[in-house]
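The values are calculated or read from the model by the stated rules, or taken from the named source; none is laboratory data. Being a predicted model, the structure only gives us computed values, none of them experimental. As a convention, Cβ positions derive from the backbone with ideal geometry for all residues, glycine included, and neighbour counts pool all protein chains shown.
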Amino acid sequence: MLELLSLLRRHEGLRLSAYRCPGGVWTIGWGHTAGVKAGDYVDVDTADSLLREDAAEALRQVDSLAAQSGVELTGCRRAALASFVFNAGVGALRRSTLWKRICADPDDHAIAAEFSRWIYSGGKIMPGLVLRRKDEAELYFSGQK
């Protein structure tokens, strides 16, 4: 969980007032979106608590998808995929070539290139997503034997 929280903090940034992310979604804290509306405000403790809850939910979603698919994931791989899910959603992962490659061979190094395909928002390359996907791919393979 520590790798995941560190990755999320690095790429989400902390904003205590509600704002619209590049995808147009109301967001607050460390990338929290559920129930957020214009004018909302949180303190740092609340933002940290929301982050832990959201990270735990992303991990649950990854674990559920892995169990359904018969895929075993290490801690680092779980964390990398939970970061992806936190950002893009579990449905995007489920439908992706990234997930198809993981199901076929979780050690396939072509998986790194699949992370790097998820760098767009509104049809534009987002430099922050380029860095995030690079970090997710590196984390995914960091726990490999």
Only one of 75, 31, 122, 91 that is small (Gly, Ala, Ser) and in contact with a Pro (Cβ under 8 Å, 6 or more places away or on another chain): 122
Search result, residues across segment 55-87 that are within 22 Å of residue 31 (Cα to Cα) and among the charged types (D, E, K, R): 57, 60, 63, 77, 78
Looking at this structure, is residue 50 touching a residue at least 24 places away in the same chain (Cβ under 8 Å) and not basic (Lys, Arg)? no
Those residues that are touching a helix residue (DSSP H, G or I) at 6+ places or on another chain (Cβ under 6 Å) and either of a type in the set (Lys, Arg) or assigned to a loop (DSSP other than H, G, I, E, B) (or both), I need them from segment 15-36; list them, please. 30, 31
Determine, yes or no, whether residue 63 is at negative phi, in a loop (DSSP other than H, G, I, E, B), modelled with pLDDT of 95 or more and out of contact with any Asp or Glu (no Cβ under 8 Å at 6 or more places or on another chain). no
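Rundown of residues vs (1) more than 21 Å from residue 3 (Cα to Cα); (2) in contact with a strand residue (DSSP E or B) (Cβ under 8 Å, 6 or more places away or on another chain); (3) among the hydrophobic types (A, V, I, L, M, F, W, C), yes/no style:
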| residue | (1), (2), (3) |
| --- | --- |
| 73 | no, no, yes |
| 80 | no, no, yes |
| 85 | no, no, yes |
| 93 | no, no, yes |
| 97 | yes, no, no |
| 104 | yes, no, yes |
| 107 | no, no, no |
| 131 | no, no, yes |
| 140 | no, no, no |
